[in-house]
Each structure stands twice: as structure tokens, then as C-alpha cells.
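Since every read-out is calculated from the coordinates, none of them should be taken as a lab result. Computed from a predicted model, the values in this text were never measured in an experiment. Here the Cβ positions follow ideal geometry from the backbone for every residue, glycine too, while neighbour counts run over all protein chains shown.
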Amino acid sequence: MKRPHYGIDAPPVIKQLFLSGIVALVIGFLIYYFTLTHYPRIAITLLLIAVIFSASYFIPVIYMLLSSLFGKKHMRDFLINSLYVKGNEKVLDVGCGRGLLLIAAAKKLTQGGKAVGIDLWNCEDLSNNQAIFTKQNAELEGVSDRIEIVSGDMTNMNFNDNTFDYIVSSMSIHNIPTPEKRRKAITEIARVLKPGGEVALLDFQCLKEYKNSLIDLGFQNVKISRLYFWMFPPVRIATGKK
């Protein structure tokens, strides 16, 4: 039976780290091979240094793969379960990717609610990041009738004001290159969120920016969570109520 797959995060970074580790290891073995006969102690020392150096690349690769395959699912469940969803709400996932938060939210919407995901589908941020795979995952999870997928820019969303009860995001807003544009994305999130609605933004950087923007926009109870190590890099969650 086919299972849903939510992709590998930052595949170019993983590839670069892995190749760097291989290069370090190869160089170490070459130095060892050519110096062992005349300088055995130096050869062994340099080989050990190369192994340690290559491990500094391989360990993050393993951590990132475990994060993508297991850790982010744990954080998904933690984030979605922290929302007081009754089942009839409208939820927006900003930068939905292959539907990690989108589909988890849809599973909670059993009383006529709807989960909407918006993304630009950048495959550098997530492997095979395409709407077709998001739809496929939704079908496999049995919630295709509760989701809607939109291609669009989170800094200029084509939704009416005060549309959503909850807005969530995971590892997406930091991909916007400048603080000004990230603030614009937060402003858009505030615009389309209903009064009394809540946001939960999971990320590994820029959390203080999100917090300050939410406060400036009049949000209440704005907080940044502690650091969670289920994902790599470790993440925090910024929350607030409009």
C-alpha cells in the first residue's frame, strides 16, 4: 500500500554536505596512502583528522534526513494538536509544500471545515515540491475533499480579509530573502486572519522578526516557544491571537 511522503527538506544542502564529507574522506585516504610508508604516525594522525572532519559533514546529513522522515511529523502533530479546532473552521497553511500541516489540519476538520494551502512550489526548499504530490498525499490520507491548494505568493495572497480562523506555517517564511518582504508576509497573514483567529509559525530563524511584526500589527499573547530538537536545525514556534 502506498504511503504519503512529505519530502526531504533542503535537498541541495543535504547533497552539498554529503559531497563535502566524501571529498574530505577521499583526501584523507589519499594523504594516508602516500605518506604511510615514510611517515606512518603523521599518516595515521592526518587520516583521523580527515575522518573527524568528514563526520562533521555526515552527522548533519543524518540529522536532517531523520528530521525530514520523522522529526517534522512529530512537530506537525504537536503544532496542530495545540490548536483548539472544533472541526468547522477554515485553516490556512502558508508555504504548504507537500501538505505536512495542511493535511494534519484537514483531519481535524470533521464538521465541514476547510484547509487551504498556498505555495510557490520551490524544489530547493523541499524535494519534489509540487501541487500534484500534495493532492496525492491528501488522497492517501483520505482528506482530499477537505483541502484546497492554491499557487501563490505569501506576500500577496489572493484571499479576502478576515477569511481564516487559524493560519499555520512550517519552515517557509524564512525563505523570503529580506526582512521587509518577510514583514509583508506577516502583514498578509494578519490581513486574511479573522479577528480572534490564531497563528502558529514554526521556523528555525527569524522568529523575533515574526514576533515583533505580530505585536506591531496588534496581536495579543504573542509568544515564542522554547527550542525543539525534533527537527534540524532546531525550531521554535511563534504564536499569537488577532
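Checking the Cα-Cα distances for LYS181/LYS208; LYS90/LYS135; LYS2/LYS90; LYS108/LYS181; LYS108/LYS184; LYS135/LYS211 against a 20 Å cut-off, the pairs over it are LYS2/LYS90; LYS108/LYS181; LYS108/LYS184; LYS135/LYS211.
Counting alpha carbon pairs within less than 8 Å and at least 6 residues apart, what relative contact order, in whole percent, applies to segment 85-241? Write down the numbers at each step before the final one.
Values: 319 pairs, mean separation 31.3, N = 157.
RCO, segment 85-241: 20 percent.
Computed over the Cα atoms of segment 69-224, the ratio of the radius of gyration to the Kirkwood radius (Rg/Rh) comes to 0.93. What the phi angles of segment 225-239 give under the Karplus curve with 6.51, -1.76 and 1.60, with θ = phi - 60°, is a coupling list of 6, 5, 7, 10, 9, 5, 10, 10, x, x, 10, 10, 10, 9, 10 Hz, glycine and proline written as x.
Beta bridges per DSSP, both residues in the chain: antiparallel share near 35 percent.
When +1 charges are put on Lys and Arg Cβ atoms and -1 charges on Asp and Glu Cβ atoms, the dipole computed for segment 1-85 relative to its Cα centre reaches about 240 debye.
For the pair ASN128 and LYS107 in one chain, pulling the backbone fully straight at 0.36 nm per residue adds 5.2 nm over the alpha carbon distance. Fully extending the segment from ASN156 to SER225, taken as 0.36 nm per residue of separation minus the present Cα-Cα distance, adds 22.1 nm. Taking 0.36 nm per residue of sequence separation and removing the Cα-Cα distance, the LYS2/LYS135 pair yields an extension gain of 46.5 nm. Label sites at ASP145 and ILE44, each approximated as a point 7 angstrom past Cα along Cα to Cβ, lie 7.0 nm apart. Residues whose amide H falls under 5 Å from that of ASN162, counting only those 5 or more places apart or on a different chain, are VAL192, LEU193, with hydrogens built in the peptide plane.
Arranged by the count of other C-beta atoms within 10 angstrom, fewest first, what order do TYR39, TYR84 take?
On the way: TYR39 13, TYR84 9.
Going from least to most buried by this count: TYR84, TYR39.
Per residue, the Cα convex hull of segment 34-78 amounts to 61 Å³.
Using the Cα centre of segment 141-196 as the reference point, and only Cβ charges (+1 on K/R, -1 on D/E), how large is the resulting charge dipole? Debye, rounded to the nearest 20. Provide the component values of the computation, followed by the final result.
Numbers: 7 positive and 8 negative charges, 65 e Å.
That gives segment 141-196 a dipole magnitude of about 320 debye.
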